[in-house]
1. Among Asp120, Asp55, Asp109, determine the one that fluctuates most according to a GNM of the chain built with springs between C-alpha atoms less than 10 Å apart.
2. How would you classify segment 37-150 from its alpha-carbon gyration tensor, with a ≥ b ≥ c the square roots of the eigenvalues: rounded for a/c under 1.5, else prolate if a/b is greater than b/c, otherwise oblate?
3. Among Arg78, Arg70, Arg139, determine the one that fluctuates most according to a GNM of the chain built with springs between C-alpha atoms less than 10 Å apart.
4. Mind sorting Ile101, Ile56, Ile47, Ile27 by how few other Cβ atoms lie within 10 Å of their own Cβ, fewest first?
5. By counting other Cβ atoms within 10 Å of each Cβ, how are Arg123, Arg4 ranked from fewest to most?
6. Provide Lys59, Lys117 in ascending order of the number of other Cβ atoms located within 10 Å of each residue's Cβ, fewest first.
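None of the figures in this text is laboratory data; all of them are computed from the coordinates on show. Just so it is clear, the model here is predicted, and its values are computed rather than measured. Using ideal geometry, Cβ is built from the backbone for each residue, glycine included, and neighbour counts are taken over all protein chains shown.
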Amino acid sequence: MEPRMNLFENETGARIGKRIFAVSQVIQESPLPKPTQELVQLRASQINGCGFCVDIHGKDAAAAGETAARLNLVATWRHSTVFTEAERAALALTEEGTRIIDGHAGVSDETWAQVRKHYDEDRTVALVALIAMINATNRLGVMLNNRGGAYTPGDLAAIAG
């Protein structure tokens, strides 16, 4: 199935897309570690079934030096030994924040305490915003039927115009 529309070929869509990208740039420039950013985006995209975003974040993370082992194990992070305690807290927050619709009560106090143990105020704000933004982006990708597979690492800025 082909993509339903190209968001950036429509004036309103392009304006929305550029603003989403601008928020993403603020998060990228934050003190939240870059590997954590990519792992979080990859995990949320896996949960949401967004092949386009899985393709982007898996390839960008690999191009930035992320190991194949960590990329392959991010979906099973609880049952692996390759993630730090801070990354585990971020991945737990990602899963709980992403699966709100699945009948979960939202983010548990235990997960929030782990996040706050490992991340200061700026990093926590960036992490929460990142999870919200990747979930929004995943929904756009899935609704518009954007497929993964053709992304070239580093091309996200060009896609956003």
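1. Result: Asp109 has the largest fluctuation of those listed.
2. It is oblate, given that a/c is not under 1.5 and a/b is not larger than b/c.
3. Maximum among the listed residues: Arg78.
4. Lowest count first: Ile101, Ile47, Ile27, Ile56.
5. In order of increasing Cβ crowding within 10 Å: Arg4, Arg123.
6. Starting with the residue having the fewest Cβ neighbours, the order is Lys117, Lys59.
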